[in-house]
Amino acid sequence: MAITFQYNKTALQNLEKALKQRVRALPTIKNKESALRLEVKKAKDELRELESKMQQRQAAMEKMMPLWVEYDPELLCVKDVLLNEKKIAGVRVPLFEDVLFEQKRFSLFSSPVWLADGLELLKNQARIGLQLATCQQRLELLEYARKKTTQKVNLFEKVQIPGYQEAILKIKRFMEDEENLFKSAQKIVKAKKEKENL
């Protein structure tokens, strides 16, 4: 990224101010990046754990598969999913709180014996599935934020800070050269005047 500037004191002051801001902000951005990296790792671990639980539950449900032929799908439905929001390193992410089910009444005497346990299995399966979906969404948001923060750190470290430093150095050298030329010209004029006065 080429930094555009003019060779004067105002441009020099503006560049020094911008450089100071970036140097001061860099540690904060690096801390945010490391915090996001840690949160991404935690979210990935949680996701793996939930996926493992989900597979275990599915294996348990497959054993009961022949019995599900008798199940009425209208007995249980999801009424509401309670989510909360948390800010992690400046990123708003969803947190799963709970799921509310609406369960129709059924007769324990005329229904299959396994139905009450089967409904609990379904509730647990749905709860884990919703936790899994929320965790995946949280992971995506955190990874996106981490990626953007890493890009910003790299932009500051590798492009902008060296660019501003180089521009400041060029302006200072130009101004020193200009001052040296001015002093040399004054000496020449002074020497001519002294010769004329003799």
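Observations
- For the criterion of being open to solvent by 60 Å² or more (accessible area, probe 1.4 Å) and at pLDDT below 75, V78 fails.
- Per the conditions (1) among the small types (G, A, S); (2) modelled with pLDDT of 90 or more; (3) more than 30 Å from K17 (Cβ to Cβ), the sole criterion not satisfied by A167 is (3).
- A single entry from K170, K158, K147 fulfils the requirement of being among the basic types (K, R), part of a helix (DSSP H, G or I), surrounded by 14 or more Cβ atoms within 10 Å (Cβ to Cβ) and under 46 Å from the mean Cα position of the chain (by Cα): K170.
Yes/no per residue for (1) touching a residue at least 24 places away in the same chain (Cβ under 8 Å); (2) open to solvent by less than 50 Å² (accessible area, probe 1.4 Å):
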position: Q103; (1), (2): yes, no
position: L119; (1), (2): yes, yes
position: Q125; (1), (2): yes, yes
position: R138; (1), (2): yes, yes
position: N154; (1), (2): no, no
position: E176; (1), (2): no, no
position: L181; (1), (2): no, no
position: N197; (1), (2): no, no
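- Scope the stretch 110-144; condition in a helix (DSSP H, G or I) and among the small types (G, A, S); matching residues: A116, G118, A126, G129, A133
- The set of residues from the stretch 109-148 being in contact with a strand residue (DSSP E or B) (Cβ under 9 Å, 6 or more places away or on another chain) and β-branched (V, I, T) comprises just one member, T134.
- The stretch 2-24, subset in contact (Cβ under 8 Å) with a residue 60 or more places away in the chain and among the charged types (D, E, K, R), residue farthest from M175 (Cα to Cα): R22
- Filter result (in a helix (DSSP H, G or I) and open to solvent by less than 90 Å² (accessible area, probe 1.4 Å)) within the stretch 56-75: R57, Q58, A59, A60, M61, L67, W68, L75
- Enumeration of residues in the stretch 1-50 that are touching a Phe, Trp or Tyr at 6+ places or on another chain (Cβ under 7 Å) and open to solvent by 90 Å² or more (accessible area, probe 1.4 Å): Y7
- Condition check for K53: free of Cβ contacts under 8 Å to residues at least 60 places away in the same chain and either surrounded by 10 or more Cβ atoms within 10 Å (Cβ to Cβ) or out of contact with any Cys (no Cβ under 7 Å at 6 or more places or on another chain) (or both): no
The values are calculated or read from the model by the stated rules, or taken from the named source; none is laboratory data. Nothing here was measured: the structure is a model prediction, and the numbers come from that model. In this analysis, Cβ positions are derived from the backbone assuming ideal geometry, glycine residues included, and neighbour counts consider all displayed protein chains. All accessible areas refer to the heavy atoms of the entire protein, side chains included, with ligands and DNA or RNA removed. Shrake-Rupley method; radii C 1.70, N 1.55, O 1.52, S 1.80 Å.
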